[in-house]
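This report refers to the structure that appears directly beneath it.
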Amino acid sequence: LAELEAKLYDTERYVRAAVSTALGPVYTTLVNQGKMPLAELESKLTDHSPDVRVAALIALGPAYAALINQGETPDLFELGSKLTDPDFNVRDAAFTALGPVYAALVNQGKMSLAELESKLTDPDFNVRRAASIALGLVYTGLVDQGKTPDLSKLESKLTDFFPDVCATARIALGPVYAALVNQSKMSLDECVALINKKILCDKDYEKYELWE
């Protein structure tokens, strides 16, 4: 991978971004197959290049989720610290990575649903985004099991004061509503009403539609 990894330091930022996205799943596969020590992947979180850190985050989300589903409890401190990384793309990758990790913790009984829902009110908007992603996964799983979770806390994020949280909540809720329709727990008429519903996420900027 040396030649591809060298491109993480390319002078063109679009090349670096493309390579970090491509390398993430490769790193995950290498870790899952025991061909890259987890510690080696984790060490990339402190690399001076933000694109290396992004690639590591893309890989660590599913890698940690897999470990949790196997009964292990990885140390999430370094991953969580990337939510306050000075680079925007790293922060964005960190909340995306944490979503499936939080969901796995809840599904394995290592984090209560109430604890995850409480993260929706965290002062850090990226924590709120990570919790939204995780809850979308957890709620969809519950619906598929025949249960009807209370969606009000996640739905409240559709009117979060930070527009990016609104957008993340909208994306997270889509599969949940689809699962409810498939389980006949939401009518198509109700679904269509949601599609036509507009949520004002930030009065000074723009309206986000619940579904695209």
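The values are calculated or read from the model by the stated rules, or taken from the named source; none is laboratory data. Being a predicted model, the structure only gives us computed values, none of them experimental. Quick note on the areas: whole protein, heavy atoms, side chains included, nothing else; ligands and nucleic acids left out. Shrake-Rupley method; radii C 1.70, N 1.55, O 1.52, S 1.80 Å.
If you take the alpha carbon radius of gyration of the chain and divide it by 2.2 N^0.38 Å, what ratio comes out, to two decimals?
So the chain has a normalised radius of gyration of 1.08.
I'd like the Karplus ³J(HN,Hα) series for the range 79-87: coefficients 6.51, -1.76, 1.60, θ = phi - 60°, whole numbers in Hz, and an x wherever there's a Gly or Pro.
Calculated HN-Hα couplings, in order: 4, x, 5, 6, 5, 10, 4, x, 9 Hz.
Classify the range 11-51 as rounded, prolate or oblate from the Cα gyration tensor: take a ≥ b ≥ c as the square roots of its eigenvalues, call it rounded if a/c is under 1.5, otherwise prolate when a/b beats b/c and oblate if not.
oblate
Can you work out the Karplus-derived ³J(HN,Hα) for every residue in the range 124-135? Use 6.51 cos²θ - 1.76 cosθ + 1.60 with θ = phi - 60°, whole Hz, and x for glycine or proline.
7, 5, 6, 5, 4, 5, 4, 5, 4, 4, 4, 5
Would you mind classifying the range 104-193 by shape? Square roots of the alpha carbon gyration tensor eigenvalues, ordered a ≥ b ≥ c; an a/c under 1.5 is rounded, otherwise it is prolate if a/b is larger than b/c and oblate if not.
Numbers: a/c = 2.47, a/b = 1.24, b/c = 2.00.
Oblate shape, in that a/c is at least 1.5 and b/c is the bigger or equal ratio.
Rolling a 1.4 Å sphere over the protein heavy atoms, what is the accessible area per residue of the chain, to the nearest Å²?
Details: 10830 Å² over 212 residues.
I get 51 Å² per residue for this part.
In deg cm²/dmol and to the nearest 500, what is the mean residue ellipticity at 222 nm of the chain if only DSSP H runs of at least 4 residues count, each as -39500 (n - 2.57), divided by the residue total?
My calculation for the chain gives -20000 deg cm²/dmol from helical runs alone.
I need the phi-derived Karplus couplings for the range 65-74: 6.51 cos²θ - 1.76 cosθ + 1.60, θ = phi - 60°, integer Hz, Gly and Pro marked x.
4, 5, 5, 4, 5, 8, x, 8, 10, x
What is the range 39-158's relative contact order, in percent, from Cα pairs under 8 angstrom and six or more apart in sequence?
Computed over the range 39-158, the figure is 21 percent.
Quick check: at a probe of 1.4 Å, how many percent of the accessible area of the chain sits on carbon and sulfur atoms?
That fraction is 55 percent.
Can you give me the relative contact order of the range 111-195 as a percent, contacts being Cα pairs under 8 Å and 6 or more apart?
Relative contact order here is 28 percent.
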